[in-house]
Amino acid sequence: MTGMSTPPRDRERDRRRRSAKGIDIPEKTLVDARSDLRARIVVAVPAVAVALTLVLTGGAVFAAGMFVLGAICLHELFLMFSAAHPSRLGALIGLGGLIVAAHLGDASNVLMAMVASFPIIFILILLQPKGGAPGISVTVLGVAWIGLALAHAVLLRKLPHGEAILIDILVGTFIGDTGAYLGGRAIGKTKLAPSVSPNKTLEGLGCGIIVAVVAVWCAGLYQDWMSGTDALILGGAVAIMAPIGDLFESYLKRDAGTKDTGTLFGAHGGALDRLDAVMFTVVAGYYVWLALL
């Protein structure tokens, strides 16, 4: 009937239809996004404080911190693939060898430590009741993925201006991740890799790449020893490798049938969930900065 107001239920139904067409965004979605962003910030603040303390302190303290962080990450990885019966002791020995080699030596020493870890892992797997090829594979994966990444963080910290470059990489990685998250929530439509991570979109990826490059470039403005071109190159490496690292961990979680790797950061998962991108960007950052020196 003309002049009759639309019932509240019908208005809500129409609003949701408009939202589905991209005309409006449901209020609940906006509230959820704001709530999730606040939770991310609450989790990030103490983590950033610890990371900055370790990076700025450097030396043996930084190396020890990398070992502890690596041990936590290995624990989460092995919980996901416990059915493979990996060697926790073998992985910890391999991790420790890589960190010590990076702290006391150089990249060639890290390579030697990695090679030396293979027979150690094999012998320890033999001494277990179960293990076999799956156990060796998961153990070596942990040492290579987590151990090598953290060893490169130690190597990078030792380079000229290494502490600042590490901070630049962390800034680009985490701010880029936030940009990808917000961009995906706001304009994301095209799925990036639905079989691996259904929530990631190409639009979010583009936003994350742009934000990561700009973040590193802005950080470089306060470092008179780094040119704008070098900052853009470093930012580009971080921006490209971060989403690959994120997808890599998502692929492993999908294969393991789990949503999060742990509960260290509460509702936002474990250490691997927060550092998946860093495991790739810190390695790329080391070689990019080494080339730019």
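FYI, it's all coordinate maths here, none of it is from the lab. In this text the structure is predicted, and so the values were computed from the model without any measurement. Neighbour counts run over all protein chains shown; Cβ positions are idealised from the backbone, glycine included.
Taking only the Cα atoms of segment 155-218, how large is their convex hull per residue, in Å³?
Details: hull volume 4.9 nm³, N = 64.
With only Cα atoms used, segment 155-218 gives 76 Å³ per residue.
Assuming 0.36 nm per residue, please report the length gained on full extension of the stretch L292 to T190 beyond their Cα-Cα distance. Before the final figure, lay out the partial values.
Values: separation 102, 0.36 × 102 = 36.72 nm, distance 3.58 nm.
Stretched fully, the L292-T190 segment lengthens by 33.1 nm.
Between segment 59-110 and segment 235-251, how far is it from one alpha carbon centroid to the other, in angstrom?
Taking the Cα centre of segment 235-251 as reference, the centre of segment 59-110 is 21 Å away.
Kindly list the residues of segment 130-166 that lie in the label zone of A256, defined by a backbone N under 18 Å from the point 7 Å along the Cα-to-C-beta vector.
Answer for this model: 131, 134-150.
Compute the distance in nm between two label points, each set 7 Å from the Cα along the Cα-to-Cβ direction, one at A71 and one at L127.
Label at A71, label at L127, 1.8 nm between them.
In nm, give the distance between the simple-model label positions of K158 and N199, each being 7 Å from the Cα along the Cα-to-Cβ direction.
3.9
Restricting attention to the alpha-carbon atoms of segment 57-158, what are Rg (one decimal) and Dmax (integer), both in Å?
When restricted to the Cα atoms of segment 57-158, Rg and Dmax are 13.2, 43 Å.
Under 5 Å between amide H atoms, partner at least 5 residues away or on a different chain: which partners does L192 have, H built in plane at 1.01 Å?
K200, T201, L202
What full-extension length gain, to one decimal in nm, is calculated for V45 and L232 as 0.36 nm per residue of separation minus the Cα-Cα distance? List each step's numbers first, then the result.
Numbers: separation 187, 0.36 × 187 = 67.32 nm, distance 2.62 nm.
Result for the pair: 64.7 nm of gain on full extension.
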